[in-house]
Amino acid sequence: KQWYQRRVRGGKTKTLDCPPTSVEDLPIWNFDGSSTDQSKGANSDVYLKPVAIFRDPFRRGDNILVMCECYTWQNEPHETNKRSECVRVMEKCAEEHPWFGIEQEYTLYEGDGSRPLGWPKNGFPAPQGQYYCAVGTQNVFGRKVVEAHYRACMYAGIKIAGSNAEVMPSQWEYQVGPCEGIDMGDHLWVSRWILMRVAEEFGISVSLDPKPVPGEWNGAGCHTNISTLKMREEGGMEHIMAAIEKMSGKQREHIAEYDPNQGRDNSRRLTGRHETASIETFSHGVANRGASIRIPRQCAHDGKGYFEDRRPASNCDPYSVTSRIMKTICALD
């Protein structure tokens, strides 16, 4: 069985006596946290507590992927375990029935990590404009990885919803959702692990850096779409605008949770250029991809639906992002 450690995107393999039917059938395991900077060598064990099961697209058969939370020797959530807090928030907001859809952007690199896949060894490809949703060997690099990842996610039971080539060459996106509550983080983290595992098979590496190439090249985000039950019902636009108003007063708090370095990674991406809003300001608009929050044109027309938070970075923790959004919408802090 493949066991998946959320923070370090790693995994271990364990054999069981019989196929489990639920996470309750799975034992608590552990790993050497001193090798991942999650503990000291003198007290190194970090517990792995199973929380979600997916089908294993690599071994197939009765084999499974197990999503785990990390706990300390004192049986408390590890500081890198953002899922535990997300569960608490989602339980408090359960009556809102929050749905999320996340657009995960990433960049494929040559196996040695020296340059984006297909880029010249010395110099740059043609400027942006011909690569978005493109076709053709001169425009698209790494489609075999993308297609294999899509099929693997579908087999695993990940709620993958779509994919497309992005604006920068060798940059791609896939969408996961809609997922309710805690499922969003579980599905996105496991889909990331599957992506990197698939890329291994092709000798290609994957980068989640929000700005992998400086200059006139698009960065990579993790645009997060959100709706509550009231937003999806007739008259939902009133609730969408109320949520956006609440978020406008929490710009600093949200930015701090939208990448693993409290906004430092995102500061290279959120410049107000290349389809981003400035990290320093909050804005919203209908169909505006240069705003912090985009309301889709169709939702504005229907008067209900969802909105898109365009600020989360490609390397964000989806548990931190979704819990921060719900804390603001439900006024939990």
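Computed quantities for the displayed model
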item: Any hit, the stretch 29-45, residues being buried (at least 21 other Cβ atoms within 10 Å of the Cβ), in contact with a helix residue (DSSP H, G or I) (Cβ under 8 Å, 6 or more places away or on another chain), of a type outside the set (S, T, N, Q) and at pLDDT 85 or above; result: no
item: Close pairs from the stretch 171-199: first without any contact (Cβ under 8 Å) to a residue 60 or more places away in the chain, partner assigned to a helix (DSSP H, G or I), Cβ under 7 Å, at least 6 apart; result: V198/V145; V198/A148; V198/H149; V198/A152
item: Qualifying residues in the stretch 96-130 (those that are outside any loop (DSSP other than H, G, I, E, B) and farther than 18 Å from E308 by Cα) - the one most open to solvent (accessible area, probe 1.4 Å); result: Y109
item: Within the stretch 213-229, considering residues that are surrounded by fewer than 18 Cβ atoms within 10 Å (Cβ to Cβ) and in contact with a His (Cβ under 9 Å, 6 or more places away or on another chain), the one farthest from P318 (Cα to Cα); result: E216
item: Residues (surrounded by fewer than 17 Cβ atoms within 10 Å (Cβ to Cβ) and either outside any loop (DSSP other than H, G, I, E, B) or among the acidic types (D, E) (or both)) located in the stretch 47-76; result: D62, E76
item: Test set (1) in contact with a strand residue (DSSP E or B) (Cβ under 9 Å, 6 or more places away or on another chain); (2) part of a helix (DSSP H, G or I); (3) more than 19 Å from A220 (Cβ to Cβ) - K304 fails condition number; result: (2)
item: Residue in the stretch 197-212 that is buried (at least 23 other Cβ atoms within 10 Å of the Cβ) and under 17 Å from T328 (Cβ atoms) present; result: no
item: Any hit, the stretch 287-299, residues being surrounded by 15 or more Cβ atoms within 10 Å (Cβ to Cβ), of a type in the set (V, I, T), without any contact (Cβ under 8 Å) to a residue 24 or more places away in the chain and part of a strand (DSSP E or B); result: no
item: Some residue of the stretch 255-269 being in a strand (DSSP E or B), surrounded by fewer than 23 Cβ atoms within 10 Å (Cβ to Cβ) and not small (G, A, S); result: no
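The values are calculated or read from the model by the stated rules, or taken from the named source; none is laboratory data. Please read these numbers as outputs of a predicted model, since none were measured by experiment. Methodologically, a virtual Cβ is constructed for each residue, glycine included, from the backbone with ideal geometry; neighbour enumeration extends over all protein chains shown. In case anyone asks, the SASA skips ligands and DNA or RNA and just uses the protein heavy atoms, side chains included. Shrake-Rupley method; radii C 1.70, N 1.55, O 1.52, S 1.80 Å.
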